[in-house]
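Colleague: Please see the structure below; I have some questions.
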Amino acid sequence: MRRFIFAISILLALNVTPPIHAAEANQCVAVIQANATVRTTCDTNADSPKLKAATAAATPLMTWYDNWHWDSGNGSVTWYGYAGTCDQSGYRINFDDNNFPAWRNRISSWKVHGDCWVTFAYDRPYDLRGPSIRIDGDVYFINDHSPYTDWNDSVEAFWITSRR
């Protein structure tokens, strides 16, 4: 069964320009539910009790980084699932006008957590038949995964699953 409920911890500034000091950036947790309601909790402290409470029952699935080498200087997102860690059904996320458009065509590296291992990255949201790549494990820099040298800052959707 497809996972319909998941959460995303957004670790980036909410404004369009990068923050001058990382300590000033708002850290946010957005909980997206099956009925499309979104609850967002933000704080300037990444260790805030209210942010921890928002993800207390969740399982970390994957962390996206704006830069290569897992550099979160311009932002990172830790994606949480409320139906446990990955299995073969996995989890999907599409970046579009309604789902975190700031992360569309921005991701350069990522780490997977728990049983999440296989990542399918797509260059179009909601199109699982469109161009995609499959990568196992963490990605230090997406362009290092030859022949995928044109995928940096091109991801518009993810599907992550367990080892097959």
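Colleague: Let me check I've understood the local charge: for Asp136, count other residues with C-beta under 11 angstrom from its C-beta, Lys and Arg +1, Asp and Glu -1. What total comes out? Write down the numbers at each step before the final one.
Modeller: Values: positive: Arg134, Arg163, Arg164; negative: Asp138.
Net local charge, Asp136 excluded: +2.
Colleague: How do Leu128, Leu61 line up, fewest other C-beta atoms within 10 Å first?
Modeller: Numbers: Leu128 13, Leu61 26.
The order, fewest Cβ neighbours first, is Leu128, Leu61.
Colleague: So what's the gap between the Cα centers of the stretch 49-68 and the stretch 78-119, to the nearest angstrom?
Modeller: 11 Å
Colleague: Something else: Obtain the nm distance between the two label points defined at Asp43 and Asp144 by a simple spin-label model: each point lies 7 Å from its Cα along the Cα-to-C-beta direction.
Modeller: If labels sit at Asp43 and Asp144, their model points lie 3.3 nm apart.
Colleague: On to the next question. Which order results if Lys50, Lys111 are arranged by neighbouring Cβ count within 10 Å, fewest first? Walk me through the numbers on the way to the answer.
Modeller: Numbers: Lys50 11, Lys111 17.
Listing Lys50, Lys111 from fewest to most nearby Cβ atoms yields Lys50, Lys111.
Colleague: Using a 10 Å cut-off around each Cβ, can you sort Arg104, Arg124 from fewest to most neighbouring Cβ atoms?
Modeller: Working: Arg104 18, Arg124 15.
Going from least to most buried by this count: Arg124, Arg104.
Colleague: OK, next. Check Ile107: other-chain or 5+ apart residues with amide H under 5 Å from its amide H, H built from backbone geometry?
Modeller: Those qualifying (amide H under 5 Å, at least 5 residues apart or on another chain) are Asp153, Ser154, Val155.
Colleague: Also, quick follow-up: Once phi is turned into ³J(HN,Hα) by the Karplus curve 6.51 cos²θ - 1.76 cosθ + 1.60 with θ = phi - 60°, what whole-Hz value does each residue of the stretch 124-137 show in order, with x for glycine and proline?
Modeller: Ordered by residue, 3J(HN,Hα) equals 9, x, 6, 10, 6, 9, x, x, 8, 10, 10, 9, 9, x Hz.
Colleague: Show me, for the stretch 70-77, the HN-Hα J-couplings you get by feeding each phi into the Karplus relation (A = 6.51, B = -1.76, C = 1.60, θ = phi - 60°), rounded to Hz, glycine and proline as x.
Modeller: In residue order, the calculated couplings are 6, 8, 9, x, 10, x, 8, 9 Hz.
Where a number appears in this text, it was derived from the coordinates with a stated rule and is not lab data. Predicted, not measured: the structure shown is a model, and the values here were computed from it. All Cβ positions, glycine included, derive from the backbone under ideal geometry; neighbour counts span all protein chains shown.
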